[in-house]
Structures are given as C-alpha cells and as structure tokens.
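None of the figures in this text is laboratory data; all of them are computed from the coordinates on show. Nothing here was measured: the structure is a model prediction, and the numbers come from that model. Please note: Cβ atoms are built from the backbone with ideal geometry, for glycine as well, and neighbour counts cover all protein chains shown.
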Amino acid sequence: MVRRADLHHARPPRSADLAAPSVALVVVAHPDDAEFQCGGTLAKWARQGTRLHHLVLTDGSKGTWDAAADPTALATTRRAEQRRAAELLGGGEVTFLDQVDGELHSTVPLRDEVARVIRQVRPDVILGHDPWTRYRLHPDHAAAGRLCVEGIVAARDPFFARHLLAEGLDPYRPDALLLFEPDVADHAETFTQEDLDRKVAALLAHESQHETTHLHHSRSGDGDDPYESFRRREHDLAAAAGAWADAPFAEAFHLIDDQL
Ligand SMILES: [Zn+2]
C-alpha cells in the first residue's frame, strides 16, 4: 500500500503509465495483497485488454485473529474469495502455490516454481512486493518479493531451473517489473474512478478479512459505517498517490526495466 509518508518525501515520479501490457502477472504472498497494492492498476489494464494472471504463494491460513478458527477451512474460503476478486478486477487466472501462511521462505525449489509460472504465462509486466522495503513486519511479504525477483532471474537465464527446459518451458524475459509498497517510489500508474470502484469491490470480495484487515484499519470510532470509512480510506490513499503523479488517482511503484 502507498503510505502517505512515502509520498510526502518522494520526488516526483520518474515515469508514469506503462503501455498496457498484453499479459501481466502479479506475484503475491497472500489472497488480497494484489487488490490492496495494485488493484487500480490491474483494473485499468483489464479494461484496456490486458490478460491478468495472479500467482498467490501462500494459503492464507493464518489470516484471522480467531484462535478457534479452522485453518484448512479458512484456506478454502480464501481461495474462493481470491478467484471472485480476480473476476471483479477484470478476469484472469489464479494459481496457488499453497505454501503455509507466515512460513514463506525463498528457496531454490520454490523459486523454480515461480520461474515455471513465469515461463508458462510469459507476461510482459510482472508486479510483486518490494523485497527491500524497510520497517515492514510481515515476513511473507519480504520473502514473496525475493521469490518474485529471483523467479524472474531463474525464468530468464538458461542455466537456472534446467528441468523446465525438459518440460518444453523455454527461458523467458519480461519487459518490466513493478514493485509495490516500494522502499523508493519512482513510478506511478494512474487510473480512473471506475478503476478505483473495481479495486474496492475486489477488496470487499475478501469477506473473511473484513474484521481483521479491511474494517479494522478503517474504523474512525465516531460511529461511522465502517464500510463507508473503508471506501473513503482507499479513495484517500489513491488520491494522495494521484496528487504525487498529477492525476486523480494512482498507485506508486518502483520500476525495474533496465536490469531485466
Ligand atoms: Zn499479505
């Protein structure tokens, strides 16, 4: 998520609005990360004809504060919610790697699984967590960022993941990597009110997360409708990034396109 403090101190974006890719792949730790971090951008691209593909690395089974919850049932619920959210953003496939939530690590076998999906999907643009963002607590977000970056290298270089060649999956190099929740924001993707509305609708499709995430952070304590507060919060965050990019609404990224 774009934090206002980041934008306050950031220089103007170095660039904005990549050409809408033919295919985009978003690599995230948990169900709902993509919607929070880049839902407006994905909705815009889907509207412009981009084929979207989601890769969710963990099963989301720790996404509750209810100590009596059934983690297996929660993982099943969150899969269905993620598929529904992807539909609301404009369609696209969702692949789940089903790693245990909260215990994600960048390992060679898992990096190769990310590379497999990249070689299968052949995206022009990949979006993922910035693995170098400071002061972030959740271990999965840093690990998912590393897996995304290292998965790109393994997908690209012919002597990585040699077993994929035998499966007919040739090396593949994307054009651009957009890192969200960036340590240094330098690129903006701008979007419309319609795209923002689709982002919020997709976020709200994650019903199991309303109590712990969506509404928890939105309660103002003054008796407001928490759903209305949530919509206003998402609006204000997108508008703050928009002001940074001189547009109504935006999301902030760190763009890597010269080292791919
Ligand atoms: Zn997450």
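Take every pair of alpha-carbon atoms less than 8 Å apart whose residues are at least six positions apart; their mean separation over the length of the range 1-131 yields a relative contact order of 34 percent. Counting only DSSP H runs of at least 4 residues, each contributing -39500 (n - 2.57), and dividing by the residue count of the chain, the helix-based mean residue ellipticity at 222 nm comes to -13500 deg cm²/dmol.
Between the listed residues His141, Val125, Gly63, the Cα displaced farthest toward the positive end of the dipole of the range 4-256, a dipole computed from Cβ unit charges relative to the Cα centre, is found at Val125.
Checking every one of the GluC sites (Glu not before Pro) in the range 148-225 against DSSP loop status and a limit of 14 other Cβ atoms within 10 Å picks out Glu167. Pairs of Cα atoms nearer than 8 Å and 6+ residues apart set the relative contact order; for the chain it is 27 percent. Across all C-alpha atoms in the range 4-256, the radius of gyration and Dmax reach 17.6, 61 Å. Placing +1 on the Cβ of every Lys and Arg and -1 on the Cβ of every Asp and Glu, with nothing else charged, gives the range 4-256 a dipole about its Cα centre of roughly 620 debye. At a threshold of 8 angstrom on Cα-Cα distance, excluding pairs fewer than six apart, so keeping six or more, what relative contact order does the range 167-238 reach in percent? This gives 21 percent for the range 167-238. With a Förster radius of 30 Å applied to the beta-carbon distance between Ala243 and Asp183, the computed FRET efficiency rounds to 0.90.
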